[in-house]
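Participant: One structure, as C-alpha cells, below. Some questions next.
We did not get these values from a lab; they are worked out from the coordinates using the rules stated. Only a predicted model underlies this, so the values are computations on that prediction, with no experimental measurement involved. Cβ sites come from the backbone with ideal geometry, for glycine too, and all protein chains shown count toward neighbours.
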Ligand SMILES: Cc1cc2nc3c(=O)[nH]c(=O)nc-3n(C[C@H](O)[C@H](O)[C@H](O)COP(=O)(O)OP(=O)(O)OC[C@H]3O[C@@H](n4cnc5c(N)ncnc54)[C@H](O)[C@@H]3O)c2cc1C
C-alpha cells in the first residue's frame, strides 16, 4: 500500500494516522479535513474552552513533534466530495483528487438542527464554540434545547459564567433512555441544585426574537438559544460510491466496509449495526481498523468499552459498559443524594455497566473487575 487517504481530520482520523505509523506503515498518508484548522479536540468546546479557561492551543491534537514524525500530507479546508472505488480516488471540493490504495473514513458528523431554529447556536466545531462564547455576555438569558451530554455541559458552563439558564427537554428526565429513571433523576437534580431551570416533557417549535416558542403556545424568554439535539453522520460525500450508508457508514465488526481497502472509524462508523458518539470509542477503534486495512481483510474485530465521561457543574460523571434503561441499578458506594457515588447496572444477575459521580477511583476498579472485556479479537474465519 503506497498511499492512504484519511478523510476527516479530527480525533478518529488523527488516531488512524498515528496507528498507521505505529503499525509500521511508511507510505504516504493524506489527511483531508473540511475544517480549515489543524486537528483539535472537541470535549473542551462545551467545558473549559466555552468558559474561557482553556486556551485554543490546549485543544490541539498534534504537537510539533507529532506533526514532524507522522509526516502527514494535510489537505485542510477542503471536503471530500466523492469516493470513486474503481479509480481508487477521493475527489475533493477544490476540484483536485487524491489517488489512494486505502481509505479511512473518519468524517464524524455535524450538529443536528431543528426546523424553526434557524439562527440558534449549535456546538460541534471550534468556530461554533467561538460564536457561542462571544454571545455569552453578562446578563444574557440562555435557553438550551436538549438535556443530553452536550446540552447539560453548555448549561453548566453558562451557570458557571453567572448566566440565567433554562433547559428545555422533550423527555421526562435527562438522559433517561441511556441511564434509566433513577440515574436520570440524579442528572435532573444536578441542574436544579445549580440553579438551572430544567423543564422536561416540553415540545419546542421554534425561535423568535422573544425566545423559544413551545407547542403549548407559551414562549420561554431567551437572548441566546443553543440547540443540543445530537448529530448527523457526515456520509453524503459517499453517495454513488457503492458503500452502504444510513445513519453512518456500515461496516463489519472489524470496521471494514464492503470494500476491504476502505475502513471507517469514529462517530461515523456503524459497525455491526451500532454507532457510538463518544471520544474513547473514536480513539479505540483506530488500532483495529488500521490492522484490518493493512491486512486487506477483517483480521480483528472491535470490542467497545462503552466509556463516556461528562463534566457537569460540580463534578464528573463516568459511564462504562452497555447498560439499558430497564437494567437494575444498585448503588454500591454512596447514594444518589451524595456528593459522590457509584452504581452498577445489572441484567440477569450480570453486571453490564458502571456509573460514577465524582468517584473515578472506584469507578475504574469496578470497571476493570466487573466489565472485564476481551481485547480486540482475532476474527473468526469462515
Ligand atoms: C462539544 C462537544 C463535547 C464533547 N464532549 C465529550 C465528552 O465529554 N466525552 C466524550 O466521551 N465525548 C465527547 N464528545 C464527543 C467526541 O468529541 C466525539 O466522539 C469525537 O469528536 C468523534 O471524533 P470523530 O473524529 O469521529 O468525528 P468528528 O470529531 O466529528 O470529526 C470529523 C471531522 O471530519 C470532517 N469532515 C466531515 N465531512 C468531511 C468531508 N466530506 N471531507 C473532509 N472532512 C470532513 C469534519 O469537518 C470534522 O472535522 C464531545 C463532542 C462535542 C461536539
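Participant: Hey, with R₀ at 35 Å, roughly what FRET efficiency would residue 331 and residue 172 work out to, going by the Cβ-Cβ distance, to 0.05?
Facilitator: Working: r = 21 Å, r/R0 = 0.61.
Given R0 = 35 Å and the Cβ-Cβ separation, E is 0.95.
Participant: What residues of segment 259-281 lie in the reach of a label at residue 73, counting those whose backbone N is under 20 Å from a point 7 Å from the Cα along Cα→Cβ?
Facilitator: 261-263
Participant: Which distance in nm do the two modelled labels at residue 247 and residue 54 give, with both placed 7 Å along the Cα-to-Cβ direction?
Facilitator: 2.9 nm
Participant: Using only the alpha-carbon atoms, how far is helix 11-22 inclined from the longest principal axis of the chain? Give it as 0 to 90 degrees, nearest 10.
Facilitator: Tilt relative to the chain: about 40 degrees.
Participant: Arrange the peptides 154-163, 185-194 so that the one whose residues have, on average, the most other Cβ atoms within 10 Å appears first.
Facilitator: 154-163, 185-194
Participant: Quick check on the chain: of the DSSP beta bridges with both residues there, what percent are antiparallel, nearest 5%? All intermediate terms of the calculation are to be shown ahead of the outcome.
Facilitator: Values: 45 of 79 bridges.
So the antiparallel bridges in the chain amount to around 55 percent.
Participant: May I ask you to derive the relative contact order of segment 314-378, considering only C-alpha pairs under 8 Å and at least 6 residues apart, and to give it as an integer percent?
Facilitator: Dividing the mean separation by the residue count of segment 314-378 yields 31 percent.
Participant: Another question, then. How high is the relative contact order of the chain? Use alpha-carbon pairs under 8 Å, at least six apart in sequence, and give a whole percent. It would help to have the intermediate numbers written out before the result.
Facilitator: Working: 867 pairs, mean separation 56.3, N = 382.
That works out to 15 percent.
Participant: Sort all Cα-Cα distances of segment 126-227 into consecutive 10 angstrom bins from zero, then give the percent of pairs in each bin up to the one containing the longest distance.
Facilitator: 16, 49, 31, 4
Participant: Using alpha carbon centroids, what distance separates segment 163-195 and segment 54-126, in Å?
Facilitator: If we compute the Cα centre of each part, the gap is 33 Å.
Participant: Working out 0.36 nm times the residue gap between residue 36 and residue 130, then minus their Cα-Cα distance, what length gain in nm do you get to one decimal? Mind dumping the intermediate values first?
Facilitator: Numbers: separation 94, 0.36 × 94 = 33.84 nm, distance 1.47 nm.
Between residue 36 and residue 130, full extension yields an extra 32.4 nm.
Participant: Let me ask you something else. Calculate how many DSSP beta bridges within segment 208-278 are antiparallel, expressed in % of all such bridges and rounded to the nearest 5.
Facilitator: 70 percent
Participant: For segment 126-227, what's the relative contact order in percent, using C-alpha pairs closer than 8 Å and at least 6 residues apart?
Facilitator: So the answer I get is 30 percent.
Participant: Highest mean first, how do 169-175, 287-293, 10-16 rank when packing is the count of other Cβ atoms within 10 Å averaged over residues? Don't skip to the answer; put the middle values down first.
Facilitator: Numbers: 169-175: 20.0, 287-293: 24.9, 10-16: 27.3.
Highest mean packing first, the order is 10-16, 287-293, 169-175.
Participant: Could you work out Rg/(2.2 N^0.38 Å) for segment 1-138, with Rg from alpha carbons only?
Facilitator: 1.17
Participant: Classify segment 314-378 from the C-alpha gyration tensor, please: rounded if a/c falls under 1.5, else prolate or oblate depending on whether a/b exceeds b/c. Don't jump to the answer; show the numbers that get you there.
Facilitator: On the way: a/c = 2.26, a/b = 1.45, b/c = 1.55.
Verdict is oblate for segment 314-378.
Participant: I've got another one for you. May I have the extent of the alpha carbons of the chain along their three principal axes, as whole Å values ordered from largest to smallest?
Facilitator: Reported extents, whole Å, longest axis first: 57, 51, 39.
Participant: With both partners inside segment 126-227, how many of the DSSP beta bridges are antiparallel, as a percent to the nearest 5?
Facilitator: Counting DSSP beta bridges with both partners in segment 126-227, the antiparallel share is about 35 percent.
Participant: If each residue of separation counts as 0.36 nm, what is the full-extension length gain between residue 338 and residue 280 once their alpha-carbon separation is subtracted?
Facilitator: Full extension of this stretch gives 18.2 nm more.
Participant: Based solely on its DSSP helices, what 222 nm [θ] is calculated for the chain when runs of n ≥ 4 H residues each add -39,500 (n - 2.57) and the sum is averaged over all residues, nearest 500 deg cm²/dmol? Spell out each step's value before the answer.
Facilitator: Values: 9 runs with 90 residues, N = 382.
Per the formula, -7000 deg cm²/dmol.
Participant: Right, another one. Could you state the angle between the C-alpha long axis of helix 181-193 and the longest principal axis of the C-alpha atoms of the chain, as a value from 0 to 90 degrees rounded to the nearest 10?
Facilitator: Rounded to the nearest ten degrees, it is 60.
Participant: So if each residue of separation counts as 0.36 nm, and I subtract the Cα-Cα distance between residue 360 and residue 232, what length gain in nm does that give?
Facilitator: In short, 43.0 nm is gained.
Participant: Angle between the Cα long axis of helix 279-295 and the longest principal axis of the chain, 0 to 90 degrees, nearest 10?
Facilitator: Orientation of helix 279-295: about 10 degrees from the principal axis.
Participant: I'd like the FRET efficiency for residue 161 and residue 314, computed as 1/(1 + (r/R0)^6) with the beta carbon distance as r and R0 of 25 Å, rounded to 0.05.
Facilitator: 0.95
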